[in-house]
Amino acid sequence: MQIYISGQFFDKNDAKVSVFDHGFLYGDGIFEGMRAYNGKVFRHQQHLDRLWDSAKSIFLEIPMTKEAVEQAVNETLQVNNLKDAYIRLIVTRGNGTLGLDAHLCSEPKVIIIAAELALYPKEYYEKGLEIVTASTIRTNPGMLSPQVKSLNYLNNIMAKIEGHQAGCIEVLMLNAKGEAAECSGDNIFIYKNGTLHTPPAEAGILEGITRRAVLEIAESAGMKVKIAPMTRHDIYTADECFLTGSAAELIPAVKLDGRIIGTGKPGPVMQDLLKKFQAETKR
Ligand code: PXG
């Protein structure tokens, strides 16, 4: 496996960053998780735009143009001979001191890892996920915005550990108001009485690229779509529930906190949207 670090490729064992990198010391950096289908990155430009927005928000100057990063991502796929892959694009603050001062850091580092896909096992798509609500809440937008895809994912990792302890591979995270925000690494949708619902950005979510694609697909299929605050009660009483993310695409959730959602089986609306989504990834 060849890993790209700031203009050079390194073998997996030699791909290293300094212990003084603020990405390591403080989680001071940002990332994107992307999917390549048949050699092409799905919605590449949107991922780059989101990365640049994250960078701007944390005063991080990416030392490359968007075009150069796009090309480096494509090159990383080619060098590793990967057509269908998961890609991790990372920008760290660079080497600094043991202090917090970001101004003392060297140039930010751009790292690209392209790996074989490690998807959720097929049975989860067939049977649906059982999820629980984590007691760890999603980052409050009054703190670092959850729209910043930062290298500090500890809240989400704590939530995921809670899920693991309950025997679940994904968990629902609430915001400080007690509304449903999203899952630890996926956005959430429900379908009820003919309308597709998902929480708004203001609920304190990362606005997923997959979420956006699903909203566009649903709207162009003439489906009623509502982006509004969502409670756990809404999810318990929904006809269908599913999660979205670059790695998972669309995956059904059939139980939340012990309540069976709808029929307790993957629903027809989700399955139809997944088919349409996959058709788009093939285009
Ligand atoms: N919410 C959060 C908090 C995320 O981190 C999504 C939603 C879905 O966004 P996209 O753009 O992928 O539709 C994410 C993305 C992984 C991994 O290894 C994925 C994410 C974060 C960390 C790791 O698959 N998710």
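Numerical summary
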{"quantity": "Residues (more than 13 Å from the chain's Cα centre (by Cα) and touching a residue at least 40 places away in the same chain (Cβ under 8 Å)) located in segment 178-196", "calculated": "G178, E179, A180, A181, F189, I190, Y191, K192, N193, L196"}
{"quantity": "Residue list for segment 247-277, filter: open to solvent by 10 Å² or more (accessible area, probe 1.4 Å), within 16 Å of the ligand (Cβ to nearest atom) and in contact with an Asp or Glu (Cβ under 7 Å, 6 or more places away or on another chain)", "calculated": "L274"}
{"quantity": "Filter result (touching a residue at least 60 places away in the same chain (Cβ under 8 Å) and either open to solvent by less than 10 Å² (accessible area, probe 1.4 Å) or assigned to a helix (DSSP H, G or I) (or both)) within segment 23-48", "calculated": "G23, F24, L25, Y26, G29, I30, E32, G33, M34, A36, Q46, H47"}
{"quantity": "Selection status of A159, within 14 Å of the ligand (Cβ to nearest atom), over 27 Å from T281 (Cβ atoms) and not in a loop (DSSP other than H, G, I, E, B)", "calculated": "yes"}
{"quantity": "Answer from V171, V91 - the residue that is crowded, with 20+ Cβ neighbours inside 10 Å, farther than 20 Å from I261 by Cα and within 16 Å of the ligand (Cβ to nearest atom)", "calculated": "V91"}
{"quantity": "Odd one out for I113 among (1) part of a strand (DSSP E or B); (2) open to solvent by less than 20 Å² (accessible area, probe 1.4 Å)", "calculated": "(2)"}
{"quantity": "Some residue of segment 58-65 being under 19 Å from the mean Cα position of the chain (by Cα) and closer than 20 Å to L25 by Cα", "calculated": "yes"}
{"quantity": "Among (1) small (G, A, S); (2) in a strand (DSSP E or B); (3) away from the ligand (no atom under 16 Å from the Cβ) - the single one S135 does not satisfy", "calculated": "(2)"}
{"quantity": "Residue count for segment 204-246, restricted to those that are within 13 Å of the ligand (Cβ to nearest atom), open to solvent by 40 Å² or more (accessible area, probe 1.4 Å) and either in a loop (DSSP other than H, G, I, E, B) or of a type in the set (V, I, T) (or both)", "calculated": "1"}
{"quantity": "When residues of segment 49-70 are limited to those that are within 12 Å of the ligand (Cβ to nearest atom) and farther than 21 Å from L100 by Cα, the one least open to solvent (accessible area, probe 1.4 Å)", "calculated": "L51"}
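The values are calculated or read from the model by the stated rules, or taken from the named source; none is laboratory data. Computed from a prediction, not measured in an experiment: that's the story for all the values here. Because the Cβ atoms are built from the backbone with ideal geometry, glycine has one as well, and the counts that use them run over all protein chains shown. When the accessible area is computed, the model is the full protein with side chains, heavy atoms only, and any ligands, DNA or RNA have been set aside. Shrake-Rupley method; radii C 1.70, N 1.55, O 1.52, S 1.80 Å.
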